[in-house]
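Working notes, beginning with the structure itself.
The values are calculated or read from the model by the stated rules, or taken from the named source; none is laboratory data. The structure displayed is predicted, hence computed values, not measured ones. Here the Cβ positions follow ideal geometry from the backbone for every residue, glycine too, while neighbour counts run over all protein chains shown. Just so you know, the surface numbers come from the protein's heavy atoms only, side chains and all, with ligands and any DNA or RNA stripped out. Shrake-Rupley method; radii C 1.70, N 1.55, O 1.52, S 1.80 Å.
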Amino acid sequence: MNNTSVRKPRLNRTTAFILFCLLPALIPVVVLTYFPIFKGIIMAFQNYSLFNLNDIRFIGFDNFKTVLQDPNLPTIMQNTVLWVFISLILQFAIGFVLSLLLYQKFPGRGVYQGLIYYSWAMSGFLIGIIWRWMFNGQIGVINDMLLKMGLISERIGFLSDPKWAMFSVIVANIWYGVAFFAIMLTAAMQSIPEELFEAADMDGANGLQKMLHVIIPYILPTIITTTALRVIWIFNFPDIIYAMTNGGPANSTHILSTFMLDKIVFGGDYGLAGAIGVISIVLLLLYTLFYLFATKASKAGDF
């Protein structure tokens with residue numbers, strides 16, 4: 001009895017000390033990450049407009065009904081799917097090819113890696129501004145190049161024509177995201193033991209067979225994890241679209257995240273923006289669960 005009564009205070013003091021040491025790390029996470037999330041979820045069920053802060057009240061699911069009945073929502077959902085999956089597929093494909101090239105040893109490889117990774121270090125808004133200038137219908141270099149190559153006879157309004165606007169922002173996003181896959185897949189390939197390639201050489205495997213039976217199986221956990229993360233990041237990445245087209249022309253390039261920003265910046269309606277945010281969270285949770293189940297991603301934890 002005496003031993004037990006002595007140990008409890010020691011354990012409590014140890015636990016309290018550990019929690020005290022963790023507080024400097026926990027407080028910023030709670031204040032800057034979890035509090036805004038919970039506040040946004042609460043706002044989704046409130047009438048919360050910056051133009052009438054005296055009338056903040058709970059209104060149930062009215063904000064969700066307003067969002068779901070918006071006539072632009074089908075186009076926005078279609079744009080979101082195109083934005084995410086076309087960007088992801090081409091970013092991964094180009095990044096994988098680049099990582100295979102960077103895995104080879106050649107003079108100046110470090111410099112070339114730095115040039116490829118440069119885009120990932122840039123601000124999304126800055127990238128959007130640069131591509132907005134390149135796609136400009138009057139002074140953009142893309143039109144100049146196509147005209148000089150004889151591929152077009154007159155300038156194209158890439159960002160002013162709804163038929164071209166979505167294509168243009170996706171091209172910019174692909175350019176931005178290729179570096180991420182190149183970085184991650186190159187790092188994963190560099191961890192492959194040389195013995196595996198030596199064994200493949202002894203079996204007479206060619207380059208394609210090494211890629212299919214050595215490289216891809218070995219880096220599969222990295223592929224699963226990076227593609228899952230990249231879908232979430234692309235889904236929540238409005239920077240490029242906002243800088244290039246601001247969701248236009250005629251809402252033709254809006255995705256869910258730019259639609260949410262639009263409600264805040266121009267409408268001042270935090271209730272509607274919160275509802276769109278909650279819908280986005282639910283969609284991403286469903287996607288993540290389905291993706292991890294479909295890929296049988298138990299090995300993804302090795303990443």
Let me spell it out: the conditions are (1) assigned to a helix (DSSP H, G or I); (2) crowded, with 22+ Cβ neighbours inside 10 Å, and Trp233 meets all of them except one. Which number is the exception?
(2)
For the range 113-140, pairs from a residue that is under 19 Å from Asp239 (Cβ atoms) and open to solvent by 80 Å² or more (accessible area, probe 1.4 Å) to a residue that is among the acidic types (Asp, Glu) and assigned to a helix (DSSP H, G or I), with Cβ under 7 Å and 6 or more apart or across chains, are Phe125/Asp239
Among the residues that make up the range 53-68, is at least one of them touching a Phe, Trp or Tyr at 6+ places or on another chain (Cβ under 6 Å) and under 30 Å from Ala187 (Cβ atoms)?
no
Small (Gly, Ala, Ser) and in contact with a strand residue (DSSP E or B) (Cβ under 6 Å, 6 or more places away or on another chain): does that describe Gly277?
no
Please determine whether any residue of the range 239-259 is in a helix (DSSP H, G or I) and more than 27 Å from Leu283 (Cβ to Cβ).
no
Considering Phe45, Phe92, Phe106, which residue is among the aromatic types (Phe, Trp, Tyr), surrounded by 14 or more Cβ atoms within 10 Å (Cβ to Cβ) and under 30 Å from Ser191 (Cα atoms)?
Phe92
Count of residues meeting criterion [acidic (Asp, Glu) and open to solvent by less than 20 Å² (accessible area, probe 1.4 Å)] in the range 70-89:
0
